[in-house]
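Undergrad: Pasting a structure below so you can have a look.
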Amino acid sequence: MHPAPSVIVFTTLSGLGFGLLFWLGFGLPDVSGWVAFVFFAIAFGLAVGGLLASTFHLGHPERAIKAFSQWRSSWLSREGVAAVGALVTMGIYAAALIFLDVKLAPLGWIGALLSLATVYATSMIYAQLKTVPRWKTSLTPALLVSISLAGGALLAGQVTFAMILLPIAAVIQVIWWVRGDGALSESGTDMASATGLGNIGQVRAFEPPHTGTNYLLREFAFQVGRKHSMKLRAIALGLGFILPLLLLFVPFGHVLAFLAILLHLIGIAASRWLFFAEAEHVVGLYYGKR
Amino acid sequence: MTTLPETTNRKLGLVIDLDTCVGCHACVISCKGWNTENYGAPLSDQNAYDGAASGTFLNRVHSYEVQPLATSEMPHPAAQLIHFPKSCLHCEDAPCVTVCPTGASYKRVEDGIVLVNETDCIGCGLCAWACPYGARELDAAEGVMKKCTLCVDRIYNENLPEVDRVPACVRTCPAGARHFGDFADPESNVSKLSAERGGMSLMPEQETKPVNRYLPPRPKDQMDQPEQIDILAPFLEPIVEEPKGFLGWLDKALEKI
C-alpha cells in the first residue's frame, strides 16, 4: 500500500492524542487549572491535528460531514462518530476542570472510553480488509490500541503504566510483523486464484493493460526492499519502545520525558510507515507484482 | 445506506469468454468513450500527451502467459497467451459497499448493479482498498470514485435502438467474447453459457460472491506433442512408397550408373 504521509501523520498523532485523552479522562494525572489546560491542549492538538491531516487525502473534504451517516456498516464512519463524541465529551470535561475547577468524573470516564473506541475503530478500518492479508487479523487492533495506550501513558507521565504497556506493545509489534510476513501466502490468494487459470499451469503477467501507471499501481503496488524493511523495523522497535522504556528507569524530569516522547513518536512513525509500505494488496497479483 | 440488500430481484452481469477474447482492447476504448460522454463525472486523463500518461478506466485488459507443467508425454508444452478483461464483477457480497462511510456506494435491489452516487462521494478511497479486483479507480481530476455501472444509462435507455441496450463493452466486442444478462434467471443466455462452459469466479476465497463469470480457455491443440498426429494425417500420407513403372526403371537405372 502507498504510505501516504497524511495517513501516517494522522494515525500516529491522533493515536497518541486519544491515548493521552484516555488517561486524562480517568484523572491520571489528577490535574486542574493551568496544568490541566496544558495537558488537554497537547491531547486535543495531537488528536485534532491528526484528524485534520487525514482529510488532506480526501477527494472532496468539503463533504466530510456525510461520513458520519453510515456508522451501522462502516468502520470509517464509526471512527468519525467516535472521534467527535470523544472530543466533545472530553472538551466539556476539560472546560469544567480548567475554568470551573469542577471534576465531572463520570463524564471523564465516558470520554476516556470513547477515545479508546476511536483508536479501535481506526484499527478496524485496516483489520477488516480481506484484500490486505497483513492487516486482516485481530492483532491489528491489539497493536494500534496498545501503542496508543502506551504512548498516552508516556505522555501523561504515568511511569508505572508506561513501563508495563511499552513492553506489551513491543511484543505485539514483533508478533504482528512475524505473522504479517507470511500472511499473503497463508491467505490462499495468488495469481492462480486471481485469474482462475492456475489449473492450466504457471501464470505469469505477460503484458499489463496500460503502458503508463494508474491509480491502482500508485495506491496498491508499493514495495519496500527487504533490507530497508529490516533496518526500519529495528529503528521502530528501538526508538518507539526500547529507548523510551530505558529512559523511564533513569530519574525522570521534563527534559528526559520530552526526549522519551520524541523518540517514541519517531519510532511509531517508522512503524506506521512500514504498516502501509509493507502491506500487500491482492490487486497487485493481477499485475504480477507479488 | 451502505448495508447490502439481502437479495436482489435480478443479478445483472457479464460473462467474459477467455477462450474467445483476442485482446484488442476495443471494450476498453468503448467503455472509456461511453462513460466519459454520459452518466457521471468524465473519466479523466493526466499528462495524456507526454511520457507519464495515466488515466481513469473502468475496464482494463491484462494479458497472461500460462505455462503448462511438463509431463513425461509432454516434455516441452507450449505456453498459452490469455487475454483477460477485468471490470467490476458486481459482487453479491460487495466489500466496497459496506466500507463506504457516506452511503455513496450502494448495490441496487432491483438488478444488483453496484453504483456510486458521485455527489455523496468524499473520495476517501476506502472502497478501492476493499475491492480485491481493482475495479474502482479514484478519478484524479474529479476526486470521486469511478467504477463500472454496467452501462446503467444504456441498458434501460429507450432512446436507443434495442440492439444497443447492452453495456458498451458487450456491444463493441468484435470477437463476441462478452455477454450480458441476468444470472438470477437460470434460462438466461449468461446462465446457460456459464453452466455449459464451467464459468468461474475470480478469487473465490475472498468470499465476495462475484456475479460476473469467466469462461476458461478451451484446451489447445497440442501440435508440439511428438506422438500426436493430425486427424488429416492419414489423407496426407504418401500412397506410393516405391516408384513403379517408368519411374521405377529410371530410379534403378540411375542407381546403377
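Undergrad: For segment B:156-183, which positions are β-branched (Val, Ile, Thr) and under 30 Å from B:Gln46 (Cα atoms)?
TA: Answer for segment B:156-183, where residues must be β-branched (Val, Ile, Thr) and under 30 Å from B:Gln46 (Cα atoms): B:Val166, B:Val170, B:Thr172.
Undergrad: Further question: Please state which of the following conditions B:Cys91 fails to meet, knowing it meets all the rest: (1) more than 10 Å from every other protein chain (Cβ to nearest Cβ); (2) in contact with a strand residue (DSSP E or B) (Cβ under 6 Å, 6 or more places away or on another chain).
TA: The number of the failed condition is (2).
Undergrad: Please give the number of the condition B:Gln225 fails out of (1) surrounded by 10 or more Cβ atoms within 10 Å (Cβ to Cβ); (2) modelled with pLDDT of 95 or more; (3) in a loop (DSSP other than H, G, I, E, B).
TA: Condition (2) is where B:Gln225 drops out.
Undergrad: Select from segment A:207-228 the residues that are over 22 Å from B:Leu43 (Cβ atoms) and surrounded by 17 or more Cβ atoms within 10 Å (Cβ to Cβ) and list them in ascending order.
TA: Once the filter is applied, which keeps residues that are over 22 Å from B:Leu43 (Cβ atoms) and surrounded by 17 or more Cβ atoms within 10 Å (Cβ to Cβ), segment A:207-228 yields only A:Phe222.
Undergrad: I'm told A:Glu207 meets every condition in (1) within 21 Å of A:Leu237 (Cα to Cα); (2) modelled with pLDDT under 95 except one. Can you identify the failing condition by its number?
TA: Just one mismatch for A:Glu207, condition (1).
Undergrad: Hey, another quick one. Could you say whether any residue in segment A:225-242 is in contact with a strand residue (DSSP E or B) (Cβ under 9 Å, 6 or more places away or on another chain) and in contact (Cβ under 8 Å) with a residue 60 or more places away in the chain?
TA: No.
Undergrad: Looking only at helices (runs of 4 or more DSSP H) that lie completely in segment A:190-242, which have at least 1 residues being within 14 Å of chain B (Cβ to nearest Cβ) and over 30 Å from B:Pro219 (Cβ atoms)?
TA: Helices (runs of 4 or more DSSP H) meeting the threshold: A:215-220.
Undergrad: Sticking with this one: Quick check on segment B:56-84: of everything there that is more than 7 Å from chain A (Cβ to nearest Cβ) and among the small types (Gly, Ala, Ser), which residue is nearest to A:Thr195 (Cα to Cα)?
TA: B:Ala79
Undergrad: Additional query: For A:Gln70, work out the one condition from (1) in a loop (DSSP other than H, G, I, E, B); (2) away from chain B (no Cβ under 14 Å); (3) not aliphatic (A, V, I, L, M) it doesn't fulfil.
TA: Just one mismatch for A:Gln70, condition (2).
Undergrad: Regarding segment A:176-190, can at least one residue be identified that is surrounded by 14 or more Cβ atoms within 10 Å (Cβ to Cβ), at pLDDT 95 or above and under 30 Å from A:Val38 (Cα atoms)?
TA: no
Undergrad: Mind telling me which of the residues A:Ile242, A:Ile175, A:Ile235 ends up being among the β-branched types (Val, Ile, Thr) and closer than 27 Å to B:Glu207 by Cβ?
TA: Just one listed residue meets the conditions, A:Ile175.
Undergrad: Could you list, in sequence order, all residues of segment A:62-98 that are within 21 Å of A:Leu129 (Cβ to Cβ) and surrounded by fewer than 17 Cβ atoms within 10 Å (Cβ to Cβ)?
TA: Selection gives A:Arg72 alone.
Undergrad: Next up: Of the numbered conditions (1) over 21 Å from the mean Cα position of the chain (by Cα); (2) not in a helix (DSSP H, G or I), A:Leu58 satisfies every one except a single condition; which is it?
TA: (1)
Undergrad: Considering only residues that are facing chain A (nearest Cβ under 8 Å), within 13 Å of the chain's Cα centre (by Cα) and part of a loop (DSSP other than H, G, I, E, B), look in segment B:198-214 and name the one that is surrounded by the most Cβ atoms within 10 Å (Cβ to Cβ).
TA: Restricting to residues being facing chain A (nearest Cβ under 8 Å), within 13 Å of the chain's Cα centre (by Cα) and part of a loop (DSSP other than H, G, I, E, B), the top hit is B:Leu202.
Undergrad: While we're looking at this one, here's another question. Out of A:Leu263, A:Leu259, I need the residue that is surrounded by fewer than 19 Cβ atoms within 10 Å (Cβ to Cβ), farther than 27 Å from B:Thr56 by Cα and not acidic (Asp, Glu). Which one?
TA: A:Leu259
Undergrad: Shifting gears a bit: Which of the following residues is touching an Asp or Glu at 6+ places or on another chain (Cβ under 9 Å), surrounded by 20 or more Cβ atoms within 10 Å (Cβ to Cβ) and part of a helix (DSSP H, G or I): A:Ala47, A:Ala121?
TA: Being touching an Asp or Glu at 6+ places or on another chain (Cβ under 9 Å), surrounded by 20 or more Cβ atoms within 10 Å (Cβ to Cβ) and part of a helix (DSSP H, G or I) holds for just one of A:Ala47, A:Ala121, which is A:Ala121.
Undergrad: So, one more: Filter segment A:52-66 for residues that are out of contact with any Phe, Trp or Tyr (no Cβ under 7 Å at 6 or more places or on another chain) and more than 10 Å from B:Cys124 (Cα to Cα); which is farthest from the other protein chains (Cβ to nearest Cβ)?
TA: Looking at the filtered set, the residue picked out is A:Leu52.
Undergrad: Here is a further query. Could you list, ordered by first residue, the pairs with Cβ atoms under 9 Å in which the first is in segment B:143-167 and free of Cβ contacts under 8 Å to residues at least 24 places away in the same chain and the second is surrounded by fewer than 17 Cβ atoms within 10 Å (Cβ to Cβ) and of a type in the set (Asp, Glu), at least 6 apart or interchain?
TA: B:Asn157/B:Asp164; B:Arg165/B:Glu158
Undergrad: So which residues in segment B:132-157 are in contact with a Phe, Trp or Tyr (Cβ under 9 Å, 6 or more places away or on another chain) and within 14 Å of another protein chain (Cβ to nearest Cβ), if there are any at all?
TA: Answer for segment B:132-157, where residues must be in contact with a Phe, Trp or Tyr (Cβ under 9 Å, 6 or more places away or on another chain) and within 14 Å of another protein chain (Cβ to nearest Cβ): B:Tyr133, B:Gly134, B:Arg136, B:Glu137, B:Leu138, B:Asp139, B:Ala140, B:Lys146.
Quick grid of which residues meet (1) of a type outside the set (Ser, Thr, Tyr); (2) surrounded by fewer than 23 Cβ atoms within 10 Å (Cβ to Cβ); (3) part of a strand (DSSP E or B):
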site: B:Gly23; (1), (2), (3): yes, yes, no
site: B:Ile29; (1), (2), (3): yes, yes, no
site: B:Lys32; (1), (2), (3): yes, yes, no
site: B:Asp50; (1), (2), (3): yes, yes, no
site: B:His62; (1), (2), (3): yes, yes, yes
site: B:Ser72; (1), (2), (3): no, yes, no
site: B:Cys96; (1), (2), (3): yes, no, no
site: B:Cys100; (1), (2), (3): yes, no, no
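Undergrad: Does segment B:158-166 contain any residue that is buried (at least 23 other Cβ atoms within 10 Å of the Cβ) and either facing another protein chain (nearest Cβ under 7 Å) or at pLDDT 95 or above (or both)?
TA: Checked against the condition, which is being buried (at least 23 other Cβ atoms within 10 Å of the Cβ) and either facing another protein chain (nearest Cβ under 7 Å) or at pLDDT 95 or above (or both), segment B:158-166 yields no hits at all.
Undergrad: I need the full set of residues from segment A:210-226 which are polar (S, T, N, Q) and at pLDDT below 85, in order please.
TA: A:Gln223 - this is the single residue of segment A:210-226 that is polar (S, T, N, Q) and at pLDDT below 85.
Undergrad: So, in segment B:94-131, exactly how many residues are among the polar types (S, T, N, Q) and at the interface with chain A (Cβ under 7 Å from one of its Cβ atoms)?
TA: Residues in segment B:94-131 being among the polar types (S, T, N, Q) and at the interface with chain A (Cβ under 7 Å from one of its Cβ atoms): 2 in total.
Undergrad: Do you know which residues across segment A:257-280 are assigned to a helix (DSSP H, G or I) and of a type in the set (D, E, K, R)?
TA: Result: A:Arg272, single match.
Undergrad: Moving to a separate point now. Checking A:Ala95 against (1) farther than 30 Å from A:Glu280 by Cα; (2) touching a helix residue (DSSP H, G or I) at 6+ places or on another chain (Cβ under 6 Å); (3) in a helix (DSSP H, G or I): exactly one of these is not met. Which one?
TA: Going through (1) farther than 30 Å from A:Glu280 by Cα; (2) touching a helix residue (DSSP H, G or I) at 6+ places or on another chain (Cβ under 6 Å); (3) in a helix (DSSP H, G or I) one by one, A:Ala95 breaks only (2).
The values are calculated or read from the model by the stated rules, or taken from the named source; none is laboratory data. Just so it is clear, the structure is predicted and the values come from calculations on it, not from any experiment. Cβ atoms come from the backbone with ideal geometry, glycine included; neighbour counts cover every protein chain shown.
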